[in-house]
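Participant: Submitted below is the structure of interest, expressed as structure tokens.
Values in this text are rule-based calculations from the coordinates and carry no lab data. Because the structure is predicted, anything quoted here is derived from the model rather than measured. Heads up, the Cβs are rebuilt from the backbone with ideal geometry, glycines too, and the neighbour counts pull from every protein chain shown.
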Amino acid sequence: MAPDKRRETGLAQEACAARYLMQQGLLMIESNFTCRVGEIDLVMKDGDILVFVEVRYRTRTDFMNPVTSVNYRKQQKLLRAAATYLKFRGLTDRVPCRIDVLGIWRTDNSDEINFNWIKNAIQPYC
């Protein structure tokens, strides 16, 4: 897929993810926060909790579930990007927050959209 088409698809899926999560009661704060160490697709609030969301989209799931595509390296980038976001926005590390992963895929031969939302999917290793 061409880079422009890939980016366009990514933005469309992130918008779809934002709508889904808002229907689940989350409040949208920001999208596509980019910093030196990485990007956060969506920043939302779930009550008092700041939620960083990684959106993963796949057209086919017979090879890999979208959620399982978040490997160790990507997890580390997300943790660093979340810490950078907190610092950049003047928030302390005491702000309750979590990192969720939302997988999106379409069922074969259908327009049906499927979601797999893993709350608190990525946690810092001590």
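Participant: I need the Kirkwood Rh of the stretch 3-122: take the reciprocal of the average 1/r across all distinct C-alpha pairs and report it in angstrom.
Facilitator: Kirkwood radius, the stretch 3-122: 14.8 Å.
Participant: For residue 98 and residue 29, what is the calculated FRET efficiency with R₀ set at 22 Å and r taken between the beta-carbons, to the nearest 0.05?
Facilitator: 0.95
Participant: Most fluctuating residue of 85, 72, 20 in a GNM of the chain with Cα springs under 10 Å: which is it?
Facilitator: 72
Participant: Compute a Gaussian network model of the chain, connecting alpha carbons closer than 10 Å, and tell me which residue from 75, 13, 24 fluctuates the most.
Facilitator: Result for the chain, Cα springs under 10 Å: 24 fluctuates most.
Participant: What is the helix-to-structure angle for 3-23, meaning the angle in degrees between its Cα long axis and the longest Cα principal axis of the chain, kept from 0 to 90 and rounded to the nearest 10?
Facilitator: It is inclined by approximately 70 degrees.
Participant: Another question about this same structure. Report, to the nearest 10°, how far helix 72-88 tilts away from the longest principal axis of the Cα atoms in the chain, using its own Cα long axis and a range of 0 to 90°.
Facilitator: 50
Participant: Relative contact order for the chain: what percent, with Cα pairs under 8 Å and sequence separation of 6 or more?
Facilitator: 22
Participant: Using a Gaussian network model of the chain with C-alpha springs under 10 Å, which one of 114, 65, 32 is most mobile by mean-square fluctuation?
Facilitator: For the chain, modelled as a Gaussian network with Cα springs under 10 Å, the answer is 114.
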